[in-house]
Structures are given as structure tokens and as C-alpha cells.
Amino acid sequence: MPRTLSHFGLRPLLFVLLLLAALNLCGTSHAAENTEPKQGILLAAFGTSVPEAQPAFTAVDAEFKKAFPGAPVVWAYTSQIIRKKLAEQGRPVGGISDGLAQLAKDGVKVVRVQSLHVLAGEEFTALERAVLLDVSKNPGRFEAVFMGRPLLESKADAKELLAVIEADTKSARGKNSALVLMGHGQSHGRADLAFEGVCAVFKAGDKNIHMATVEGARNFDDMLKNLKAARIKHVVVAPLMMVAGDHARNDLAGDEDDSWANQLKAAGIKVDAHLKGLGETPGAAAILVRHAKESTDDLTKEPKKP
Ligand code: CO
């Protein structure tokens, strides 16, 4: 009898000891996790005040929250005009310094700034400068501030985006219809050559894609000539922009006679508008997430030298 008792008495003791050991292990691994510097995301876009453009940003926001669980995701709009407009409407969005201050307040030590620009043009340069200025004004605030490059940085990015756009516009495009993409571009030419590169990759993958810009060197008139020469009878028009905002709704598919859609119709071409920003096109935001994760460009330190 005493033997049986002691036999039963040992087992729970062993169990308790094992349980304590396990708890201790959990405790140490948990503590190790907590010593990792807290990561935060700053999503930087030009901005939009058009409510219909919002779903694109909402989709990008969701993609980043999924990819960086537990990390605060803060937005910054670089356009002062748009920030002012939104503030007047009672739905303010901060600028770069506001966003970085918010992340610091949240206890973030490692920031990943992700550009939502399509190409590295003037706006991306301004973003980089704004981040650098803020970092230099607040030395030591963050351990690292990584800069994620814009959506289209490499040939691989362009191929990936082409597949995303083709999949999304497939049902709207018939067998013989062309896809017309409206890029932004800039009047003084920055990003013109990058845009030419994107055109080349897209054309190589799909000869029925035609592209032009609102402000860049590739203009609508030249594209229209090409469409006429190719005897295109039906096109789907879509913005090659992160959001389907003002340019998509007015310059591309608006009611004015000089909108792309109306000029195409006047030339006898049937037009369907695909008013969807890249941000809300399934698969595109994944490229941005990849750029955010891949970036080793820490703006708080000297550039890495070979
Ligand atoms: Co514009």
C-alpha cells in the first residue's frame, strides 16, 4: 500500500516539473521575442481626395497588415494640396513627418517606408528627401529606416504587374480588343525612360497593349495614331496608377470631349472603361510588400560601400 501511494505520488510531481520546465522555455522564448526591435510601416502615397479612389488604398493597407502582423501601419500623403483638402473635409491624413512621429509614439524602432509610386519619378525623389530630412532632424529616434522602392523597379516587377493586369482585364477584353493604359508621367521628363522600359516589357508580353501618359513624353495623340494604324475597333481603357482617382475618372473616362474615352469614341473605336486602381487589382500590392521586405537601404546610415 505505501509503495502504491508513493508510486502515484511521484507521477504528478514529475508532471508538474515537466510543466514548469515547459513554461520556463515558453517564458524565455517570449522574452527573446520582446527584445526584437518593434517594426512599423509607413505607406507613402501622393494622396487622393476622390472618395472612389479609396478602395485601392484600403486594399494596400490590408495587404500590409497581413504581411506584417502586429506592426503598426501608418499612412502619409506627400501632396500638401490634397492634405489641406482632406483636413477641410474633416478626414485628415498626415505628411511624412507626421507619420514618422506617429510610429515613434507607437514605440517603433525599425521603420519600413514603402513608396506607393508607380515609378521612381519626381514624387519618389521628394519622398526620399522628406524622409532623410526628418531622420536628420531626429537623430537616434529609430534604429533603422528602410526605404522601399516604387512599384515598378525591375523587369521582373513589370512582368509580374503585366500578368496581374492581364488577369484582371481578361473578361472585359474580348479576343481582339486592345488594352489602353494611362500612365501619369511628368512634363519635364523624369521617369520618361523608365516608362519606355515598362512599355517595352508590356508590349513584348502582349502586343495589344497601348500606353500613353497624362504628362510625359508618350502622349495620347501618338497612341491614337497607332491604334488607327492597327485598325483597332474595341479598347478597354484603364489607369496605370495606384488609384482610380481624378485622372482616371476625368482625363481617362470623363464626360468632357477631350477625355481619352471620348476622343477614342470620336475616332470610331468602341470603349469600355476599367476604372480600377492598381492598389485594388489583386496581386499588385504583393509587389509593394515584396519591395518593403527586400529593402536593405537604411536611410539612417551611410550607404553600404563595396
Ligand atoms: Co496628376
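Using a Förster radius of 51 Å, what is the FRET efficiency between LEU275 and ASN138 based on their Cβ-Cβ separation? Nearest 0.05, please. Taking R0 as 51 Å, the efficiency between LEU275 and ASN138 is 0.80. Could you tell me the distance between the Cα centroids of the range 132-149 and the range 164-230, to the nearest Å? Cα centroid to Cα centroid, the span is 36 Å.
Fully extending the segment from GLN89 to LYS109, taken as 0.36 nm per residue of separation minus the present Cα-Cα distance, adds 3.9 nm. Can you check what the net charge comes to around HIS188, using other residues whose Cβ is under 13 Å from the Cβ of HIS188 (Lys, Arg +1; Asp, Glu -1)? Summing Lys and Arg as +1 and Asp and Glu as -1 gives -3. The smallest convex shape that holds all Cα atoms of the chain, its convex hull, gives 217 Å³ per residue. Measuring nothing but how far apart in sequence close Cα pairs (under 8 Å, 6+ apart) lie, relative to its length, the chain scores a relative contact order of 21 percent.
For the chain, the share of accessible area belonging to carbon and sulfur comes to 57 percent (1.4 Å probe, ligands and nucleic acids excluded).
Length available on full extension from ASP221 to GLU256: 0.36 nm per residue minus the Cα-Cα distance, which gives 11.0 nm. Given the pairs LYS65/LYS305; LYS84/LYS276; LYS85/LYS301, which span a C-alpha to C-alpha distance of over 29 angstrom in this model? From LYS65/LYS305; LYS84/LYS276; LYS85/LYS301, over 29 Å: LYS65/LYS305; LYS85/LYS301. Which whole-angstrom value gives the distance between the alpha carbon centres of the range 259-292 and the range 78-98? Each part's Cα centre sits 25 Å from the other's.
Rounded to the nearest 500, the helix-only mean residue ellipticity at 222 nm of the chain stands at -15000 deg cm²/dmol, with each DSSP H run of n ≥ 4 adding -39,500 (n - 2.57). For the range 36-99, the square roots of the Cα gyration tensor eigenvalues, ordered a ≥ b ≥ c, give a/c of at least 1.5 with a/b no greater than b/c, which places it in the oblate category.
Computed 3J(HN,Hα) for the range 119-133, one whole-Hz value per residue from the Karplus formula 6.51 cos²θ - 1.76 cosθ + 1.60 where θ = phi - 60°, is 10, 7, x, 4, 5, 5, 4, 5, 4, 4, 5, 5, 5, 4, 4, glycine and proline marked x.
Entry comment: accessible area of the chain is 54 Å² per residue, from protein heavy atoms only and a probe of 1.4 Å. Between ALA230 and SER187, the modelled labels are 2.9 nm apart [label points 7 Å from Cα along Cα→Cβ]. Taking a straight line from the alpha carbon of LYS203, these aspartates and glutamates sit under 18 Å away, with near neighbours fewer than eight places off in the same chain left out: GLU153, ASP157, GLU160, GLU166, ASP168, ASP192, ASP222.
Approximating the spin labels as points 7 Å out from Cα along Cα→Cβ, the ASP297-to-ALA101 distance works out to 2.6 nm.
The angle between the Cα long axis of helix 192-205 and the longest principal axis of the Cα atoms of the chain comes to about 90 degrees, rounded to the nearest 10. Each Cα pair under 8 Å and six or more residues apart adds its separation to the average, and for the range 87-211 the resulting relative contact order is 26 percent. Loop-located trypsin sites (Lys or Arg not before Pro) in the range 217-248 (DSSP state other than H, G, I, E, B) with a sparse environment of at most 15 neighbouring Cβ atoms within 10 Å: ARG231, LYS233. Taking Lys and Arg as +1 and Asp and Glu as -1, the other residues whose beta-carbon sits under 15 Å from that of LEU127 total -2. Straight-line reach from LYS304: taking Cα to Cα under 19 Å and skipping same-chain neighbours fewer than 8 places apart, the aspartates and glutamates in range are GLU128, GLU143, GLU294.
The values are calculated or read from the model by the stated rules, or taken from the named source; none is laboratory data. Note that the structure is a prediction, hence the values are computed from the model and not measured. For neighbour counting, all protein chains shown are included, and Cβ atoms are generated from backbone atoms with ideal geometry for every residue, glycine included. Ligands, DNA and RNA are excluded from the accessible area calculation, which covers all protein heavy atoms including side chains. Shrake-Rupley method; radii C 1.70, N 1.55, O 1.52, S 1.80 Å.
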